[in-house]
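Have a look at the structure below, then the notes.
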Amino acid sequence: MLTKKAARQRRVGKAARGRAHPQLPKAATGIQGLDEVTGGGLPKGRPTLVCGGPGCGKTTLAMEFLVRGARDFDEPGVFMSFEETAEDLALNIASMGFDLKALVKRKSLLIDHVRVVRSEIEETGEFDLEGLFIRLGLAIDTIGAKRVVLDTLEALFAGFSNTGILRAEIRRLFDWLSQKGVTAVITGERGEGALTRQGLEEYVSDCVILLDHRVVNQLTSRRLRIVKYRGTVHGTDEYPFLIRENGISVIPITSLTLNHNASTEVVSSGVPTLDQMLGAGGFYRSSTILISGSAGTGKSSIAGHFVAEAGRRGERSLYVALEESQSDIVRNMKSIGVQLAPLIAKGSLRFMVSRPTAYGLEMHLASIHQEIVEYRPRVVVLDSVTTLLSMGTTLEVSSIIVRLADFAKMSGITMVFTALVEPRATYETTTVNISSLVDTWLALSNAELNGIRGRTLSIIKARGMGHSNQTHELVMSKKGVEIKHDAVSRKKT
Amino acid sequence: MSPTQKLPVKKRALQPVEYILCLYVAGETARSASAHANLKTICDQHLGSRYRIKVIDLLKNPKLARDHQILALPTLVRQLPSPVRKIIGDLSNTERVLVGLDIRPAK
């Protein structure tokens, strides 16, 4: 007989479970970002179709799924290749930094290359593909495989002309794979108007992932989209991804729900006189800060102070420099008394320099994301967002910024964006419309103060805290940036 | 005695076998039995006694599926004479079998 409390707890538990979507068991891939976007990995014991055009990364993804499964999740795998030879595959795997020989020796991995040559095969009546089943079955049983890759089943269509039999056998193969309890990845070539040339998606109903490789304005862009994932709520967006030396890296940030707890911890901006203007005495940790202003108003200088302050706290900072070089920035900061070189030497500060036109917007986002994941900074500066406009529309750039900001917030990173604003623009006109997204907005300006040209700073907004609403003079000297606290009259120039 | 005259039985058995045919199957099924039967018929009709059929059951010897690159079943491989030729199916289409094995139909 249950006590009243226990009965109530049971009711609550039941209700909660019913509300939550029943989760299918999943096989973690270990591929950076992919487990996040799939909610844990690929459907366990079921087939997943990975399709895309030539060179989109299907084989690489399938391979990494298998190799990581073997090495990191203790799930041996069979790679049945209908196209590349075992030697070519071995080279690819090795180039990703995996020791193939060791895996094969340990019986964690088995690579089987199947030759399907059309001219050899004269069809004289009814047949089935039981030979393939037997071969695959033996491979699986030999190493106790839990994962299987078939790359690519469509090669069978090149070898046999009786498509009726082929389709029936493919259907049978997927059922057979599920019965064997292996998590399978099947690759397929993108077709005209259909997901795959031979319509493999008809047979794979559990999970279909589409890879896309586009070249737009001479800039390469790779995207991944989950077309279907039965039983899982998944994002339907396209996620950018990179193929790097150590494998694939999917950027799992898109239409994120803002599920993070606002931090109440305060960090100094590095400029004490600026801290005084902020009700909390600094910035909230994990908040986003926008520093806008026309050229030469001191945006990068303030960012530099913030980074130096983080270094003093023993925290790592990542400075993404899209306009100036590392040495220029270090030199400029040195001239106002901020020493960044020692921080770099200590490893507390890392610069990520890239010209916006080096590669596409999505790739930029992906690289920055990757850098953040690897380096784990607590502060990130993006200087400046305006340069990203040379690579995309305002909408596209906004999208990048939003995703990056969301990611930073969820990772506990305090993020600083600088934005160039034309001198005659009003506060409301930031060229990428991110002012509504950020928590704190510092607007810098050149101004004429009592007949002398100078710089000013005002705080347009600072969420979660009171702030000075006065415009103050900003002075840069060999001692750094300083905000003068006597109120000044300001004439816009 | 000319070579074409009828030889004593013992000597006939020692005549060189021109065709060695390997039939790959997966266990004893209706299809494999029918393929075997079709093959025997065709061979008797067009090859006289100059053939030998080897039946290889992949269920008993699964390793051969990979070693001999067999995907479809049944598969018939003409080992001799060379070059090796491969055809698949239950061999119900006699014409295709003859073409595939490169056998000139006996008159």
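Here, each number is a calculation from the coordinates, and none is a lab measurement. Keep in mind that what you see is a predicted model, and the values were worked out from it rather than measured. In this analysis, Cβ positions are derived from the backbone assuming ideal geometry, glycine residues included, and neighbour counts consider all displayed protein chains.
What aspartates and glutamates does B:LYS86 reach when the alpha-carbon gap must be under 17 Å and sequence neighbours fewer than 8 apart in one chain are set aside?
Those aspartates and glutamates meeting the cut-off are A:GLU120, A:GLU122, A:GLU123, A:GLU126, A:ASP128, A:GLU130, B:GLU18, B:ASP57, B:ASP67, B:GLU95, B:ASP102.
Starting from 0.36 nm per residue, how many nanometres of slack lie between A:LEU437 and A:ASP72 once their C-alpha separation is accounted for?
Numbers: separation 365, 0.36 × 365 = 131.40 nm, distance 3.89 nm.
Net length gain for the segment: 127.5 nm.
Which far-off residues, 5 or more places away or on another chain, put their amide H under 5 Å from the one on A:SER294, with H placed in the peptide plane?
Amide H neighbours of A:SER294, under 5 Å, 5+ apart: A:VAL421, A:ASN446.
Residue by residue through B:34-45, how many Cβ atoms from other chains fall within 10 Å of the Cβ on average?
Numbers: counts 2, 4, 0, 0, 2, 0, 0, 0, 1, 0, 0, 0.
Mean shielding by partner chains, rounded to a whole number: 1.
For segment A:83-125, what does the alpha-carbon gyration tensor say about shape, rounded, prolate or oblate, given a ≥ b ≥ c as the root eigenvalues, a/c under 1.5 as rounded, and a/b over b/c as prolate?
Working: a/c = 5.88, a/b = 2.50, b/c = 2.35.
Prolate.
So which helices of chain A fit the span-like rule, where a helix is a whole DSSP H run, its Cα atoms reach 18 Å or more along the axis, and its mean Kyte-Doolittle is at least -0.5? Intermediate values should be presented prior to the final figure.
Numbers: long enough: A:4-19 (23 Å, -1.69); A:58-72 (20 Å, -0.11); A:130-143 (20 Å, 1.18); A:163-180 (25 Å, -0.32); A:299-312 (20 Å, -0.04); A:361-375 (21 Å, 0.13); A:394-410 (24 Å, 0.92).
Answer set is A:58-72, A:130-143, A:163-180, A:299-312, A:361-375, A:394-410.
For B:ARG85, A:ARG455, which order do you get if you count the other beta carbons within 10 Å of each Cβ and list the fewest first?
Details: B:ARG85 18, A:ARG455 21.
Ranked by crowding around the Cβ, least crowded first: B:ARG85, A:ARG455.
For the protein assembly as shown, max minus min Cα coordinate along each principal axis, in Å, sorted largest first?
132, 72, 42
Please compare each pair in A:LYS409/A:LYS461; A:LYS299/A:LYS461; A:LYS26/B:LYS63; A:LYS180/A:LYS228 to a cut-off of 27 Å on the Cα-Cα distance and tell me which ones are over it. Walk me through the intermediate numbers first.
On the way: A:LYS409/A:LYS461 18 Å; A:LYS299/A:LYS461 16 Å; A:LYS26/B:LYS63 32 Å; A:LYS180/A:LYS228 23 Å.
Result: A:LYS26/B:LYS63 exceed 27 Å.
If you take every DSSP beta bridge whose two residues both sit in segment B:13-101, what share of them, in percent to the nearest 5, is antiparallel? List each step's numbers first, then the result.
Values: 9 of 16 bridges.
In segment B:13-101, DSSP labels about 55 percent of beta bridges as antiparallel.
Relative contact order (percent) for chain A, with alpha-carbon contacts under 8 angstrom and 6 or more residues of separation? Please list the in-between numbers first.
Details: 968 pairs, mean separation 69.1, N = 493.
14 percent.
Let me confirm one metric for peptide A:107-114, namely the mean number of other chain beta-carbon atoms within 10 Å of its residues' beta-carbons.
Taking the mean over all residues of the peptide, I get 1.
Would you mind telling me the antiparallel percentage of the DSSP bridges in the protein assembly as shown, rounded to 5? Display every interim value, and only then the final one.
Values: 52 of 113 bridges.
If I count the DSSP bridges inside the protein assembly as shown, around 45 percent turn out antiparallel.
Computed FRET efficiency, Cβ-Cβ of A:ASP141 and A:GLN470, R0 51 Å: what is it to the nearest 0.05? Each step should come with its number before you reach the end.
Working: r = 77 Å, r/R0 = 1.51.
It comes out at approximately 0.10.
At 222 nm, what helix-only mean residue ellipticity would the protein assembly as shown give, in deg cm²/dmol to the nearest 500, using -39500 (n - 2.57) for each DSSP H run of four or more? Before the final figure, lay out each step's value.
Numbers: 18 runs with 190 residues, N = 600.
After summing the helix terms and dividing by residue count, I get -9500 deg cm²/dmol.
Full extension from A:GLU396 to A:ARG355: what is 0.36 nm times the residue separation minus their Cα-Cα distance, to one decimal in nm? Let's see the in-between values first.
Working: separation 41, 0.36 × 41 = 14.76 nm, distance 1.75 nm.
Length gained, A:GLU396 through A:ARG355: 13.0 nm.
Non-local amide H neighbours of A:VAL353 (under 5 Å, H modeled in plane, Pro and chain starts lacking H): which ones?
A:ALA321
Fully extended, how many nm does the chain gain between A:GLN339 and A:VAL233 (0.36 nm per residue separation, minus their Cα-Cα distance)? Mind dumping the intermediate values first?
Values: separation 106, 0.36 × 106 = 38.16 nm, distance 4.85 nm.
Result for the pair: 33.3 nm of gain on full extension.
If I model a spin label as a point 7 Å beyond the Cα along the Cα-Cβ vector, how far apart are those points for B:GLN45 and A:TYR375 in nm?
In this crude spin-label approximation the distance works out to 7.8 nm.
From other protein chains only, count the Cβ atoms within 10 Å of every residue's Cβ in B:56-66, then give the mean. Don't skip to the end; give the middle numbers.
On the way: counts 0, 0, 6, 2, 0, 1, 9, 4, 4, 11, 9.
Mean partner-chain Cβ count within 10 Å for B:56-66: 4.
Modelling each spin label as a point 7 Å along the Cα-to-Cβ direction, I'd like the A:THR220/A:ASN450 distance in nm, to one decimal.
Distance between the two pseudo-spin positions: 5.9 nm.
Hey, which aspartates and glutamates would be in cross-link range of A:LYS479, C-alpha to C-alpha under 20 Å, not counting anything within fewer than 8 residues on its own chain?
Within the straight-line limit of under 20 Å, A:LYS479 reaches these aspartates and glutamates: A:ASP275, A:GLU309, A:ASP328.
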